[in-house]
Amino acid sequence: MNRYFQRYGKAMTAYIFLTTSLWLLGMVLMPQLLMVDYSFWYHDEGVQAIAMKEADRLEAQLDDIDAAITVAESKLDSAVENARPVIETHIAELEAKAGAMEPLFEPLDEAIRNPPRIYGFKNYIYLLTNTLHRSIFVKTMLFSLLVTFIAFALCYPVAYYLSHVAKGHRTGIIIMGLMVPYWVNEILRTFAWLMILSRNGLANSILSFLGLTDQPVDFLNSDSGVVIGMIYCYVLFMVFPIYNTLETLDHNQIEAARDLGASWIKIHRTIAIPYAKPGIAVGCIMTFMVAVGTYAVPSILGGTSTLWFTQIIYSWFFDGGNWNQGAAYAFALLVLCVTFVMFMMRFFKVSLEDIAR
Amino acid sequence: MGSDVLMQNTTMRFDDYVAVDNVNLHIREGEFFSLLGSSGCGKTTILRMISGFLEPSEGKVLIGGKDMRGIGPNKRPTALIFQNLALFPLMSVEDNIAFGLEVRSLSRKERMRRVHGLLELIALPGMGSKKVNDLSGGQKQRVAIARALAVEPKVLLLDEPLSALDLKLRQRMRQELRAIQQKTGVTFIYITHDQGEAMAMSDRVGVMSQASIEQVGTPKDIYNSPANPFVASFVGTNNVLAGRVDRIIDGFAVVRTRFGELMGRSKAGVQEGDRSLLFIRPENFFLAKEYDRDKSVISSTIYRSQFEGAFINLFLNNTNRSREFMVQLANDGLGEIPSSGSEVRLGFRPELALVLPEGELANE
């Protein structure tokens, strides 16, 4: 703490700590904890059902009383003078009975509107036992890994070229070229791919022009469209972390390795890639996270037959209205992401500090 | 395959900029050759052409009689030691040294045997498992040398590798480098802007000015018989006096300077009546006796006197402020030390003064 006081001064330090803790608590920790809490309970549907049945029964009784009152009132007009008080008393009795029933509804309504919470793993067990959802979860994970891997394979050469081969303003031009498409909204960018990949779009025209296919390929109703779109949408998350680390690699080291007789493959394997590890780890983590968590790309490019896990989460929240189930699914996805981060850190032997750099 | 390096009419151009201009140079097998020049003179470009990182725009580079055009740095019998050493920080000392051997797919046993030998050679036995970044500057230096020698190059190229070290260490490393060169018999081509380094270590030195080589010779040649005004003024400290050649007698030219007529050894190309430059090194002066001939005596006022222990430096009044005129007298411990403002008569032996045709001088 003293160190920070010395470096930034008291006011600045206080400001930094306040805003950071507010951000961590209010915007990260609390909503997440609420989500986690949500995911571990569900409404007791049994109690709700009983209450509904009971309410229905009472409702029917009330209806009966109302009908009896209507009958009595109709009799009242045609009744002889001395019979009237008897009927009026009867009506008053019925109304009193109905009034007495009114308070009985309150607890029932409460139980229907807000049934008691039961804590347990039911929401998670549902995910595990629902074969469709489970397979979509696994598919989302595998395809995200695939997207990450292809993005790496595409981006590493680009990042290397940018940091060690391209000279002067050419680097700037290429970086601009990479950035400019990202000024366009993600949804529009994805829509562009919708046009490219559609049955009579650009991709199919080129394929049939080259004579590679005789039938148009249905990219959009298969997962390939989603994978292509995602790679396009998220390559920058891979390029820049790798570029940033490779940029700091002393070019002399590459030349030294070359001078000592190493082939290019050997140079990349033993010098460049080990050096770029933190960047590669960050790139993979970011790409995997956005791929796993994307909603726009699969909903635009994926057809009806290709569901992404995020779409199921979305429908639990907004179509199914079951926030608890949605929260459990979302939390499962979070666990997957954290597992992936830890695996990458272990695999690349990098620490959190390396990544933060 | 021999290990001499031959550059034939080699030119290197970067767009419009000529970095190396028609250089002819022969570096002999097994010699310690230094390229001496100030920064930006093209010496590193020459090194990179020999190592293969640059292909000359014109002319040839031959190593052991073989034209190297089209042969990449990984296929040439050269090894380069970088100015910043460029050791691989993620590897241990051992792995650094073994890197080139691994590339040559030597067996692990053989690799370790060689690494051991090299660690002995650089006097770092038992340090193989250390991380590179745990080493001191001098140790890193030696690891870089070992890593380059591991691939058994015919020619070792060194790009100012000592410049990052402090003075003491640098002086020790000079001796070590020289010793390693003699032990291994590898041709060393050493790039430096440090004259002391070039003089102390080299068999021969090539002095470079802008993009071309001015003179190649032994350190003694370069120092005592510079071929032109550039080398004369670049190597060591030299006083220069401009003047017209009055007459030439028996290889000695009499030049009319602002100190009167002075005599020096005449070099080729000096003609009677031409403008020329007379060079006298500071250490070649002595306090003149009455009987000394006036053609080898300068009379002047001392502008500043500086006592340095073994030497006394005298700076003479000079019209040319950008170039000082310095005289260095040995301190014999008995004589009087001339003080600032006093008149002195300074003699020199005409054999040690040099008259050269007018030409470009090195920047101070």
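The values are calculated or read from the model by the stated rules, or taken from the named source; none is laboratory data. Worth saying up front: this structure is predicted, and the values here are computed from it rather than measured. Virtual Cβ from ideal backbone geometry, glycine too; neighbours counted across all protein chains shown. Ligands, DNA and RNA are excluded from the accessible area calculation, which covers all protein heavy atoms including side chains. Shrake-Rupley method; radii C 1.70, N 1.55, O 1.52, S 1.80 Å.
Condition check ((1) of a type in the set (Gly, Ala, Ser); (2) touching a residue at least 12 places away in the same chain (Cβ under 8 Å)) across all residues:
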{"position": "A:250", "(1), (2)": "no, no"}
{"position": "A:256", "(1), (2)": "yes, no"}
{"position": "A:259", "(1), (2)": "no, no"}
{"position": "A:266", "(1), (2)": "no, no"}
{"position": "A:295", "(1), (2)": "no, yes"}
{"position": "A:303", "(1), (2)": "yes, yes"}
{"position": "A:316", "(1), (2)": "no, yes"}
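Just to verify a result, which residue in region A:15-47, among those that are within 30 Å of residue A:113 (Cα to Cα) and of a type in the set (Gly, Ala, Ser), is modelled with the lowest pLDDT? Within region A:15-47, the match that is modelled with the lowest pLDDT is A:46.
Of the residues in region A:222-236, none is open to solvent by 10 Å² or more (accessible area, probe 1.4 Å), farther than 30 Å from residue A:195 by Cβ, more than 9 Å from every other protein chain (Cβ to nearest Cβ) and free of Cβ contacts under 8 Å to residues at least 24 places away in the same chain. Restricting attention to region B:177-212, the residues being open to solvent by 40 Å² or more (accessible area, probe 1.4 Å) and not charged (D, E, K, R) number 9.
Within region A:173-191, residues that are part of a helix (DSSP H, G or I) have Cβ atoms under 9 Å from residues that are at pLDDT 85 or above and open to solvent by 70 Å² or more (accessible area, probe 1.4 Å) in these pairs: A:174/A:161; A:181/A:232; A:189/A:232; A:190/A:232, counting only partners at least 6 apart in sequence or on another chain. The numbered conditions (1) at pLDDT 90 or above; (2) within 18 Å of residue B:4 (Cα to Cα) are all true for residue B:65 except (1). Only one of the numbered conditions (1) in contact with an Asp or Glu (Cβ under 7 Å, 6 or more places away or on another chain); (2) modelled with pLDDT of 90 or more is not met by residue B:224, and that is (1). Selection of helices (runs of 4 or more DSSP H) fully inside region A:244-357 by the criterion of at least 3 residues being under 30 Å from residue B:154 (Cβ atoms) returns A:251-259, A:264-267. Apart from one condition, residue A:128 fits all of (1) under 27 Å from residue A:236 (Cβ atoms); (2) under 32 Å from the mean Cα position of the chain (by Cα); the exception is (1). Under the condition of being within 14 Å of chain A (Cβ to nearest Cβ) and open to solvent by less than 40 Å² (accessible area, probe 1.4 Å), the residues counted in region B:112-140 number 3. Looking at region B:262-310, the strands (runs of 3 or more DSSP E) lying wholly inside it that each contain 2 or more residues that are in contact (Cβ under 8 Å) with a residue 60 or more places away in the chain, crowded, with 19+ Cβ neighbours inside 10 Å and touching a Gly at 6+ places or on another chain (Cβ under 9 Å) sit at B:275-280.
Filtered by the rule that a residue be of a type in the set (S, T, N, Q), surrounded by fewer than 23 Cβ atoms within 10 Å (Cβ to Cβ) and either closer than 27 Å to residue B:162 by Cβ or within 14 Å of another protein chain (Cβ to nearest Cβ) (or both), region B:52-106 gives B:74, B:83, B:84, B:92, B:105.
Look through region A:101-126, keep the residues that are in a loop (DSSP other than H, G, I, E, B) and open to solvent by less than 90 Å² (accessible area, probe 1.4 Å), and return whichever of them is farthest from residue A:55 (Cα to Cα). That would be A:120.
When you go through B:236, B:243 one by one, which is the residue that is of a type in the set (Gly, Ala, Ser) and part of a strand (DSSP E or B)?
Numbers: B:236 fails: part of a strand (DSSP E or B).
After ruling out the rest, the residue left standing is B:243.
Evaluating residue B:315 against the criteria (1) closer than 18 Å to residue B:352 by Cβ; (2) free of Cβ contacts under 8 Å to residues at least 40 places away in the same chain; (3) in contact with a Lys or Arg (Cβ under 8 Å, 6 or more places away or on another chain); (4) among the hydrophobic types (A, V, I, L, M, F, W, C) leaves one unmet condition, (1).
Of everything in region A:48-100 that is among the small types (Gly, Ala, Ser) and surrounded by 14 or more Cβ atoms within 10 Å (Cβ to Cβ), the residue that is nearest to residue A:117 (Cα to Cα) is A:51.
Taking residue A:170 as the residue in question, decide whether it is of a type in the set (Lys, Arg) and surrounded by 15 or more Cβ atoms within 10 Å (Cβ to Cβ).
Numbers: of a type in the set (Lys, Arg): yes; surrounded by 15 or more Cβ atoms within 10 Å (Cβ to Cβ): no.
No.
Number of residues in region A:270-289 that are open to solvent by 10 Å² or more (accessible area, probe 1.4 Å) and either under 15 Å from residue A:139 (Cα atoms) or touching a strand residue (DSSP E or B) at 6+ places or on another chain (Cβ under 6 Å) (or both) equals 1.
Consider residue B:252 carefully, then state whether it is among the hydrophobic types (A, V, I, L, M, F, W, C) and open to solvent by 40 Å² or more (accessible area, probe 1.4 Å). It is true that residue B:252 is among the hydrophobic types (A, V, I, L, M, F, W, C) and open to solvent by 40 Å² or more (accessible area, probe 1.4 Å).
Given the options A:250, A:259, name the one that is within 14 Å of chain B (Cβ to nearest Cβ), touching a Leu at 6+ places or on another chain (Cβ under 7 Å) and of a type in the set (D, E, K, R).
A:259
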